[in-house]
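The values are calculated or read from the model by the stated rules, or taken from the named source; none is laboratory data. Everything quoted here is computed from the prediction, not taken from an experiment. Glycine also receives a Cβ, built like all others from the backbone with ideal geometry; neighbour counts cover every protein chain displayed.
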Amino acid sequence: MKKVAILTNGGDAPGLNAVIRAIVKTAQTHGIECYGYIEGYRGLLFNDYVKLDPNSNASGILHQGGTIIGTSNNTNVFHYKVVKEDGSVEYQDLSDKCVENIRNAGFDCIFTLGGDGTQKSSRDFCLKGINCIGVPKTIDNDVAHTETTFGYNTAVNVAMEALDRLHTTATSHHRVLTLEVMGRYAGWIALESAIAGGADVALIPEIPYDIHKVVEKIEQRKAAGKEFSIVVVSEGAKPKDGELSIKKVLDDGAGLDNIRLGGAGEIVAEKIEKLTGMVTRNTVLGYVQRGGTPTAFDRVLSTKYGVKAMELAMQGIFKVLVTYKGGEMGYVDLDEVVGKDAKVGAASSKNRTISMEDDLVKVARELGICLGD
């Protein structure tokens, strides 16, 4: 093991730089050169990388949000969108070019920091003979086989702080305030922030909601003298017999999540106001959740992920995802994470969602938080 490279792909998340720093510093300890591909898989395709030095460009980054080497969430090199001279669009498999770039650069291992789509491509490169090790990155906390992804704790804390602030306005004006949070098709952020922030209702993708159950909860609070309510809405929440709230559908190609969710919170707010007559306002946290300084928990977790990834590389253990379970770092074969279908370039669908037996669900119900069912 002489040279390794890191790429960060997909949406940014607090803790990315902490993982990079941990890999670089561990590599330095063992005399291994470390490089970073610029803008994720895009950098891999265009052979754009820089050397990462723990004494210069990779120094002082532990507390920084984002990623010092950039990221891309619309690049699938196995099904890459190419616009031809006549304006027509063609999708090409350019992964062999990436393999050639890696081999010419002499990299012994590629660390792929990203979510399910990133790890699907990582597994696919392993099938082409490239040594890859995945590190799970997503504030949505929905990567299979790992209990907590870095960035999630920070996102929940941001949502909790927002709920604390919304409470003061809701009580002052006797209003219902809804807060739309990220999470895609998993309700981890919505449910945990609702518990931490003292919300009255939490609507998550795993439980299609009945708006009348939500209204019933609000009316019960009003009858008890509480003339305000706080409702947390996951962006992937949908009504019973209804559809997801889709803002737009992109054309970035197969193997990518082309659906952009949005509007779930506003829909819930409008329905509540119509059915209760109470003034209801919606707040969308959006990118605030995944930007900025990571919490202490995420800094430590990210560092653990980075050190473990480098240790696995030195042990010659590849085609795996670093995992965190029961307080212990481990790893699992990438096939178990993204599915054993050998077809390359297709999107992964093995997201980790909330089970109805999860402690968070039980706690929410015991506290009287309405889950819309």
Exercise for the section: Taking the residues in region 136-181 that are within 14 Å of the chain's Cα centre (by Cα), modelled with pLDDT of 95 or more and aliphatic (A, V, I, L, M) as candidates, determine which candidate is surrounded by the most Cβ atoms within 10 Å (Cβ to Cβ). Expected result: VAL181
Practice task
Among the residues of region 163-188, write down those that are more than 12 Å from VAL232 (Cβ to Cβ) and part of a loop (DSSP other than H, G, I, E, B).
Solution key: HIS174, ARG175, ARG184, TYR185, ALA186
Exercise for the section: Scan region 143-174 for residues that are in contact with a helix residue (DSSP H, G or I) (Cβ under 7 Å, 6 or more places away or on another chain) and not hydroxyl-bearing (Ser, Thr, Tyr) and jot them down. Expected result: VAL143, ALA144, HIS145, PHE150, GLY151, ASN153, ALA155, VAL156, VAL158, ALA159, MET160, LEU163
Practice task
Consider ILE211 carefully, then state whether it is over 22 Å from GLY286 (Cβ atoms) and in contact with a Lys or Arg (Cβ under 6 Å, 6 or more places away or on another chain).
Solution key: yes
Handout entry: Elements of type strands (runs of 3 or more DSSP E) in region 58-130, at least 2 residues being in contact with a Ser or Thr (Cβ under 8 Å, 6 or more places away or on another chain)
Key = 109-114
Exercise for the section: Confirm whether PHE107 is outside the structural domain of PHE228 (by TED's automatic domain parsing), without any contact (Cβ under 8 Å) to a residue 40 or more places away in the chain and not polar (S, T, N, Q). Expected result: no
Problem - Verdict on LEU191 being outside any loop (DSSP other than H, G, I, E, B) and either touching a helix residue (DSSP H, G or I) at 6+ places or on another chain (Cβ under 9 Å) or under 23 Å from TYR324 (Cα atoms) (or both) - result: yes
Fill in the blank from the handout: The helices (runs of 4 or more DSSP H) lying entirely within region 247-354 that contain at least 2 residues which are at pLDDT 95 or above and surrounded by 17 or more Cβ atoms within 10 Å (Cβ to Cβ) are 264-276, 296-314
Handout entry: Single match in VAL24, VAL19 (criterion: surrounded by 24 or more Cβ atoms within 10 Å (Cβ to Cβ), in contact with an Asp or Glu (Cβ under 9 Å, 6 or more places away or on another chain), in a helix (DSSP H, G or I) and assigned by TED's automatic domain parsing to the domain that holds CYS132)
Key = VAL24
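Here is a check on your reading of the model: is ASP200 at pLDDT 95 or above and either among the acidic types (Asp, Glu) or within 21 Å of ARG352 (Cα to Cα) (or both)?
Details: at pLDDT 95 or above: yes; either among the acidic types (Asp, Glu) or within 21 Å of ARG352 (Cα to Cα) (or both): yes.
So ASP200 passes the test.
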